[in-house]
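Provided herewith is a single structure, encoded as structure tokens, for subsequent inquiry.
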Amino acid sequence: MLGFWGENWALYTLLKKGFTFIERNVRLQHFGEIDLVMKKGEQFVLVEVKTCGPNDHWEPEEWITEQKIKKMLRLSELYFYKLGYMEYHVRLDVMTVQAKSWRNPVIKHYADIIYGGESELYTHAD
């Protein structure tokens, strides 16, 4: 339930920033799941969303490890193979959602985590 709530906030934030929604919670056999598939211009953006609640004593960024990034790369390859794409422009993003309050979460967007893109901080008021 908390994860779905966080994904909703992440999706809402990306739509406000001009992204196009493609699909959500894409399960790829036993390899894992892609939380959000978006597009920005001609580029696909695969988004991992990590959420923590107001009583959690950890930061969602703690779950973004080298192992998780490698898994995201593998999932992106499988996703486009499944679609039959031989060439594609893709980047991998991570969004963290902290429910400091249920109505005004703190959302961080780490764009292009493979090549060290920009990060942005959003709140509900943005």
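The values are calculated or read from the model by the stated rules, or taken from the named source; none is laboratory data. The structure displayed is predicted, hence computed values, not measured ones. Glycine gets a Cβ as well: all are built from the backbone with ideal geometry, and neighbour counts include every protein chain shown.
Counting just the residues of the stretch 71-86 that are surrounded by fewer than 12 Cβ atoms within 10 Å (Cβ to Cβ) and among the aliphatic types (A, V, I, L, M), which one comes out modelled with the lowest pLDDT?
So the residue we want is Met86.
Further question on the same structure: Out of Ser119, Ser101, I need the residue that is under 16 Å from Trp9 (Cβ atoms) and of a type in the set (Gly, Ala, Ser). Which one?
Ser101 is the lone residue from the list that is under 16 Å from Trp9 (Cβ atoms) and of a type in the set (Gly, Ala, Ser).
Filter the stretch 99-114 down to the residues that are modelled with pLDDT under 90 and within 19 Å of Phe4 (Cα to Cα) and list them by number.
Ala99, Lys100, Ser101, Trp102, Arg103, Asn104
Quick one: in the stretch 36-54, of everything that is under 22 Å from Arg103 (Cβ atoms) and surrounded by 13 or more Cβ atoms within 10 Å (Cβ to Cβ), which residue is farthest from the chain's Cα centre (by Cα)?
Within the stretch 36-54, the match that is farthest from the chain's Cα centre (by Cα) is Gly53.
So how many residues does the stretch 38-97 have that are among the polar types (S, T, N, Q) and in contact with a strand residue (DSSP E or B) (Cβ under 9 Å, 6 or more places away or on another chain)?
Matching residues across the stretch 38-97 total 4.
Residues that are among the small types (Gly, Ala, Ser), surrounded by 13 or more Cβ atoms within 10 Å (Cβ to Cβ), touching a Pro at 6+ places or on another chain (Cβ under 9 Å) and touching a residue at least 40 places away in the same chain (Cβ under 8 Å): does the stretch 87-106 have at least one?
Yes, the stretch 87-106 has at least one match.
In the stretch 47-70, is there at least one residue being outside any strand (DSSP E or B) and on the phi > 0 side of the Ramachandran plot?
no
Restricting attention to the stretch 1-29, report how many residues are closer than 13 Å to Tyr79 by Cα and either in contact with an Asp or Glu (Cβ under 9 Å, 6 or more places away or on another chain) or loosely packed, with under 12 Cβ neighbours inside 10 Å (or both).
Adding up the residues that qualify gives 6.
Looking at Val37, Val26, Val94, which one is of a type in the set (A, V, I, L, M, F, W, C), within 17 Å of Ser119 (Cβ to Cβ) and in a strand (DSSP E or B)?
Just a single option satisfies the conditions, and that option is Val94.
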